[in-house]
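The values are calculated or read from the model by the stated rules, or taken from the named source; none is laboratory data. Predicted model, so just to flag it, every value in this text is computed and none were measured. We place every Cβ from the backbone using ideal geometry, glycine too, and count neighbours over all the protein chains shown. For accessibility, only protein heavy atoms count, side chains too; no ligands or nucleic acids. Shrake-Rupley method; radii C 1.70, N 1.55, O 1.52, S 1.80 Å.
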Amino acid sequence: MTRAYSESYLSDAKGTLSQCFDYLINDCLLPPDWTASIFLSSGYAQQFERGNPAVLAGMSGVELARNILKKTYQSKTAPEPGYSEGLSPEYWAGWALAEYQWYSGKRFQDIFRSTRLSEIIAMYSVYHEMDITKFIDAMEERARKAPRESRLKRLRESRGLSQSELARASGVNKRSIQMYEQQENDIDKAQAHTVYKLARVIGCNVEDLLEDPMA
């Protein structure tokens, strides 16, 4: 497999993501799955995936977290970091996740589809003292067993929106949303302005809602 960036960047990438998640969850008191959501919607997850050295190694994890907060909240005041020195489950989750993403080449969005960040954090007690390959094997098994769930449903729920709330805010009929989520209707074939309205309310890119964005 051709990976997005050299292994020489991996240690920096793991340190950056682990500190970022630790800061957002433990210092900024953001829920883990919301932390994953704003990491995705900010665009920094995609830059991580592409191996942008300015994101992997050109800033600290706290700087990355503050950039994510700025993208998400505009004026949110960021607290001073507490620095857990790598002891927290949240720090370990970022460290292990960065390794798994680099190893697998998967998008963070697809990783979180099969295993939420809160679930990865919960894996700390079992896997943090094991070789990282054990964690990678466990993540691959979760991905194989994960039920197929539409991206629309996954992202809607990560934002804490009900179908009715999304329908009201977007102007897209609730029944249409239900049929896209149940994959009775193919969202990839929906009219562009319909997908745009859903993406605008959810706070993601249009392609994030498509099941096969490369088709």
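A few points about this structure:
- Note: segment 155-215, Cα convex hull, 75 Å³ per residue.
- Ranked by the mean number of other Cβ atoms within 10 Å per residue, highest first, peptides 51-58, 122-129 order as 51-58, 122-129.
- Cα-based values for segment 72-215, radius of gyration first and Dmax second, are 17.8, 49 Å.
- With the convex hull constructed from alpha-carbon coordinates only, segment 55-118 shows a mean projected area of 5.3 nm² over all directions.
- Environment charge of Leu56, counting only residues whose C-beta is closer than 15 Å and scoring Lys/Arg +1, Asp/Glu -1: -2
- Within the same chain, aspartates and glutamates fewer than 8 places from Lys71 are excluded, and of the rest, those with a Cα less than 14 Å from its Cα are Glu63.
- Carbon/sulfur fraction of accessible area - segment 84-215, other protein chains in place, 1.4 Å, %: 48
- Residue-by-residue Karplus 3J(HN,Hα) for segment 122-129, coefficients 6.51, -1.76, 1.60, Hz, glycine and proline x: 5, 6, 3, 4, 8, 9, 5, 9
- Relative to its residue count, segment 1-92 spans a Cα convex hull of 98 Å³ per residue.
- All-pairs alpha carbon distance profile, segment 29-146, 5 Å steps from 0, percent: 2, 10, 21, 24, 22, 14, 5, 2, 0
- Cross-link reach list, aspartates and glutamates versus Lys106, counting only Cα pairs under 12 Å and skipping chain neighbours closer than eight places: Glu49, Glu140
- As a rough guide to protection, the peptides 12-18, 201-207 ranked by mean Cβ packing within 10 Å, highest first, stand as 12-18, 201-207.
- Only helical runs count toward this figure. For the chain, summing -39,500 (n - 2.57) over DSSP H runs of n ≥ 4 and dividing by all residues gives -17500 deg cm²/dmol at 222 nm.
- Cβ-defined net charge surrounding Asp27, 12 Å radius [Lys, Arg +1; Asp, Glu -1]: -2
- Restraint check, Lys14/Lys189; Lys14/Lys70; Lys14/Lys174; Lys70/Lys134; Lys134/Lys174, Cα-Cα greater than 31 Å: Lys14/Lys189; Lys14/Lys174; Lys70/Lys134; Lys134/Lys174
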